[in-house]
Amino acid sequence: MLTRLRRDPWVRTALFALLCVCAGWALRGHWGQAREAVLDLPLWALPLSVAAAMAGLTAQMLAWRALLAGLGSPLPVRAAARIMFVGQLGKYLPGSVWAFVAQVELARDRNVPRVRGTAATLLAVGVTVAAGLAVAAVALPLSSAEAARRWWWALVLAPLVLAALHPRVVGWGVRLAARPFARFREVAEAGALRIGGRTMAAALGWTLVAWIPLGLHAWVLTWAVGGGPLDSLLPAVGAYALAWTLGLLAVFAPAGLGVREAVLVVALAPVVDAGSALVVAVLSRLVMTAADMAWAGLSVLPAHSPEPA
């Protein structure tokens, strides 16, 4: 089936159409939940929030591209964007692994081996979790004491997870994870999945950069529903970083449903009431879905000039 997906353009077109339909259905559902709140927002709020979300997704893509290059498969920016942004539509299919599968298979079109594509994608998730916890650990104790008290264990994990990004620790983890899988084990033992310090630093740097606009998208929404423009900055950035990270780790909750909302209600309590915090959570899902679809659509547009090397 995977071979046919790669070789048959009709199968690929049908799958892309299915992904777009599922993402559109999710967008429609979020719009239904957020319609009244959107109508009450200032005109600038939603476009600015979507733009910030798209900027954050761009930096995340560049982090994944850096990891892939460090593993031996450098890609042009446009090719990496097409693979990641189209592949990420897979998260709107039932199940939690389709985005990763789609990303790895699309990367094979650019001669990226499955083992390497899988390693880069999983490492990108790990780097994103580490950076998200670090951002929350800095922002929340300064702005939301209740959130810091309730999720202290997650904030304490931040330096430990960051330390785990050391290339030697990553190499040991890759070899350990590869043991049950013969092909992965052979590649890992041969040293083909070795990550250098410069590569990890680049990936972590891009991911930390990503959290600036991702946090700002939540801040714009918090401000728009009644939070003070200055008072809500740190709570919104820290709240979204922790909410996104814990939602990702809560594999029992589809797309972090329920977990993100709980974190946002507590973390945003110093600046908005619980009802407004829930509105921010719903609006954020709408914004992030719109950003996913916008980048997926832009990435498949034909290029008018040669791709950069």
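The values are calculated or read from the model by the stated rules, or taken from the named source; none is laboratory data. The model shown is predicted, which means the values in this text are computed figures rather than measured ones. Glycine also receives a Cβ, built like all others from the backbone with ideal geometry; neighbour counts cover every protein chain displayed.
If you go through the range 105-156 one residue at a time, how many are within 22 Å of the chain's Cα centre (by Cα), polar (S, T, N, Q) and over 22 Å from ALA250 (Cα atoms)?
Number of matching residues: 0.
How many residues does the range 57-104 hold that are hydroxyl-bearing (Ser, Thr, Tyr) and under 18 Å from THR207 (Cα atoms)?
Residues meeting the conditions: 1.
Identify, please: which residue in the range 251-260 is under 17 Å from the mean Cα position of the chain (by Cα) and modelled with pLDDT of 70 or more and is, among those, nearest to ALA218 (Cα to Cα)?
The residue in question is ARG260.
Among the residues of the range 188-214, which ones are modelled with pLDDT under 90 and crowded, with 19+ Cβ neighbours inside 10 Å? Steps first, please.
Just the residues of the range 188-214 that are modelled with pLDDT under 90, to begin with: 188-197.
Matches in the range 188-214: ALA188, LEU193, ILE195.
For the range 83-93, check the following and say yes or no: at least one residue is small (Gly, Ala, Ser) and farther than 17 Å from THR289 by Cα. Give the derivation first.
Going through the range 83-93, the residues small (Gly, Ala, Ser) turn out to be 87, 90.
Still in the list and also farther than 17 Å from THR289 by Cα: none.
No, every residue in the range 83-93 fails to be small (Gly, Ala, Ser) and farther than 17 Å from THR289 by Cα.
Can you tell which of THR118, THR58, THR128 is at pLDDT 95 or above and not charged (D, E, K, R)?
The unique qualifying residue is THR58.
For the range 220-232, give me each residue that is without any contact (Cβ under 8 Å) to a residue 24 or more places away in the chain and either buried (at least 23 other Cβ atoms within 10 Å of the Cβ) or over 18 Å from PRO47 (Cα atoms) (or both).
Residues of the range 220-232 that are without any contact (Cβ under 8 Å) to a residue 24 or more places away in the chain, as a first pass: 229-230.
Passing the criteria: only LEU230.
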